[in-house]
Amino acid sequence: MYMAGMRQSRVMDSVLCALSLLAAAMALAADRFVSGIDDLPLMPGLEEVDGSVLVFSKPEGRIIEVTARGAVTRETVRAFYDRTLPELGWRRQEAGGWQRENEILRFDMRDDQKGLVVQFSLTPR
């Protein structure tokens, strides 16, 4: 009886340790956002391309373009943002892209020799 209790305790300790590590990894991932778009998380596995950030403000709103790249799949990117964007107030548009208040967010994807390239574009509605 005593050995079974110790074994169960070790299993619980291992599970708690694994959950703590997972929570820490998620917290780190959540701290990364697309430059210029403060509340748009950068999906884990993507890295911004140096010098790719374009920010332009005009009376109708802001225009921001950012390029990121990573060894990820289109399906993974779509799944991440399909799950994440609604939680941040974005609504999917029939014509593609996402809308929140007076802004439209789009992301285009293409493959290159270094992985998948994701072009984020934020424009006024």
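In order along the range 97-111, the Karplus-derived 3J(HN,Hα) couplings, from 6.51 cos²θ - 1.76 cosθ + 1.60 at θ = phi - 60°, round to x, 9, 10, 9, 6, 9, 10, 10, 10, 10, 9, 9, 10, 8, 8 Hz, and Gly and Pro are given as x. Given R0 = 30 Å, the distance between the Cβ atoms of S121 and E75 translates into a calculated FRET efficiency of 0.90.
Within a 10 angstrom radius of the beta carbon, how do M109, M43 rank from fewest other beta carbons to most? Starting with the residue having the fewest Cβ neighbours, the order is M109, M43.
Taking Cβ atoms as reference points and 15 Å as the exclusive limit, the residues near E103 contribute a net charge of +2, counting Lys and Arg as +1 and Asp and Glu as -1. Shape analysis of the range 37-94 places it in the oblate category; the axes a ≥ b ≥ c from the Cα gyration tensor give an a/c of at least 1.5, with a/b not above b/c. In this structure, the amide hydrogen of V34, modeled 1.01 Å from its nitrogen in the peptide plane, lies closer than 5 angstrom to those of L40, L42, counting only residues at least 5 positions away or on a different chain.
Readers should treat all values here as calculations from the given coordinates under stated rules, not as data from a laboratory. In this text, all values refer to a predicted model and were calculated from it rather than measured experimentally. When we count neighbours, we look across all protein chains shown, and the Cβ atoms used for this are built from the backbone with ideal geometry, even at glycine.
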